[in-house]
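Enquirer: Following this message is one structure expressed as C-alpha cells.
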Amino acid sequence: MAEIKVAVRIDCLPVKLPKALQLAAATGATGVEIDARNGIRPSELSDTGLRQLRKMLDDLNLRVVTVRFPTRRGYDNPQDLDRRVEATKAAMKLAYRLGARVVINQVGNIPEDCEDPRYSSLASVLEDLGRFGARVGAFLAAETGTESGETLAKLITSSDDAYIAAALNPGQLIINRHSPREAIVALGDRIHAVCAVDGVIDLAAGRGVAVPLGQGTADFPELLSLLENFQYRGYFTVGRREMSPDTVWDELSQGVEYLRNL
C-alpha cells in the first residue's frame, strides 16, 4: 500500500488555531481537519484571513484535507432544514477555498423502508447537496455511524445525477455494533476520508465506547488492506469527540505514530 497520509482533527485541541496548527505539525501529521461550525466559520473568514491561514499552513508544511460541519440535526429532520442545507453549502464553499475536497457530517437517521416518505425526503436533500458539490468542487461525505455501511451505501448511491461521498469511521461503526469491514466492502470507492477512530463494546456498561487507536477492536491493518482494494489514497484523520484536555496531546501523537507504523 502507498504511504499512509495522516491528518489531525484540530478541534480536539483546547487551544487557539495558531497553536493548534503548531501542535498538529509537531505530531508528524501533514494534514488537518478544520471544524466549520465551532472553529472557522464560513461567514467569518475574509480574504485576508484566508491568506493568513494559508501562510500558517505553508510555514508548517500542513494542508487542510477535510472540513467537519456537525449540524445539530440530520438532514432527515424537517425542523430548520432549509437553513441547515444552506449552511452546509456554505461549508462546502469554505472547504473549496481552503483547498479541501471533503466536508464531513452525519446525514441523520436513515429509515429502513425505502418507500418511507422520510427516506425519499432525505435522498432528495442529499441529491441537492450532491449536485451543489459538483458545482463548487467540494463534496459532502456522509460519516458512518448509526447505520450499517450497506444501508448508507444504498442511500448515497441512489441518484445518478449527484455525488455524495462517505467518511469511514470504524469506531462509530463498532460502537453501534456494525462491521467496519462490511462497510468498506459496501461503500467501496465512495470512501473519500477515514476518521481514524477505534471503538470497543463495554460489556459491563452494555454500550460501545470510543477508545484510542490500537486499544479497541478495529483491525486497522485489515481495514487498510481492504481500502487498498479500492485504491484509497485519502487521509487518515486522528482525533475524536470528547477527548480529555489532559490526554489529548498524547493520544493524538500516539495515534499518528500508530498509523505510521502500520
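The values are calculated or read from the model by the stated rules, or taken from the named source; none is laboratory data. Since we're looking at a predicted model, the values are computed, not measured. Positions of Cβ are generated from backbone atoms using ideal geometry, with glycine treated the same way; all protein chains shown enter the neighbour counts.
Enquirer: If the Cβ limit is 7 Å and pairs must be 6+ apart or interchain, which residue in segment 1-28 that is among the polar types (S, T, N, Q) pairs with which residue that is not in a strand (DSSP E or B)?
Expert: Cβ pairs passing all conditions: 22/60; 27/252; 27/253; 27/256.
Enquirer: Scan (1) modelled with pLDDT of 95 or more; (2) of a type in the set (Gly, Ala, Ser); (3) not in a helix (DSSP H, G or I) for the single condition residue 171 breaks and write down its number.
Expert: Tallying (1) modelled with pLDDT of 95 or more; (2) of a type in the set (Gly, Ala, Ser); (3) not in a helix (DSSP H, G or I), residue 171 fails exactly one: (3).
Enquirer: Kindly check whether there is at least one residue in segment 116-135 that is under 15 Å from the mean Cα position of the chain (by Cα) and either among the small types (Gly, Ala, Ser) or within 17 Å of residue 92 (Cβ to Cβ) (or both). Give the steps one after another, and end with the answer.
Expert: Pass one, segment 116-135, residues under 15 Å from the mean Cα position of the chain (by Cα): none.
No, that holds for no residue.
Enquirer: Filter segment 44-74 down to residues that are hydroxyl-bearing (Ser, Thr, Tyr) and surrounded by 10 or more Cβ atoms within 10 Å (Cβ to Cβ) and give me whichever is farthest from the chain's Cα centre (by Cα).
Expert: Residues of segment 44-74 hydroxyl-bearing (Ser, Thr, Tyr): 46, 48, 66, 71.
Right, trim to surrounded by 10 or more Cβ atoms within 10 Å (Cβ to Cβ) and you get 66, 71.
On the way: 66: 7, 71: 13 Å.
Among residues in segment 44-74 that are hydroxyl-bearing (Ser, Thr, Tyr) and surrounded by 10 or more Cβ atoms within 10 Å (Cβ to Cβ), the one farthest from the chain's Cα centre (by Cα) is 71.
Enquirer: Here's another thing I want to ask about it. Which of the residues that make up segment 1-49 are in contact with a Ser or Thr (Cβ under 6 Å, 6 or more places away or on another chain) and either polar (S, T, N, Q) or more than 22 Å from residue 91 (Cα to Cα) (or both)?
Expert: 27
Enquirer: When you check residue 182 against the structure, is it without any contact (Cβ under 8 Å) to a residue 40 or more places away in the chain and in contact with an Asp or Glu (Cβ under 7 Å, 6 or more places away or on another chain), yes or no? First the steps, then the outcome.
Expert: Values: without any contact (Cβ under 8 Å) to a residue 40 or more places away in the chain: yes; in contact with an Asp or Glu (Cβ under 7 Å, 6 or more places away or on another chain): yes.
In short, yes.
Enquirer: For the structure I just gave you, tell me whether residue 124 is in contact with a Cys (Cβ under 9 Å, 6 or more places away or on another chain), surrounded by fewer than 16 Cβ atoms within 10 Å (Cβ to Cβ) and either under 19 Å from residue 194 (Cβ atoms) or not basic (Lys, Arg) (or both). Break it down stepwise before answering.
Expert: Working: in contact with a Cys (Cβ under 9 Å, 6 or more places away or on another chain): no; surrounded by fewer than 16 Cβ atoms within 10 Å (Cβ to Cβ): yes; either under 19 Å from residue 194 (Cβ atoms) or not basic (Lys, Arg) (or both): yes.
It is false that residue 124 is in contact with a Cys (Cβ under 9 Å, 6 or more places away or on another chain), surrounded by fewer than 16 Cβ atoms within 10 Å (Cβ to Cβ) and either under 19 Å from residue 194 (Cβ atoms) or not basic (Lys, Arg) (or both).
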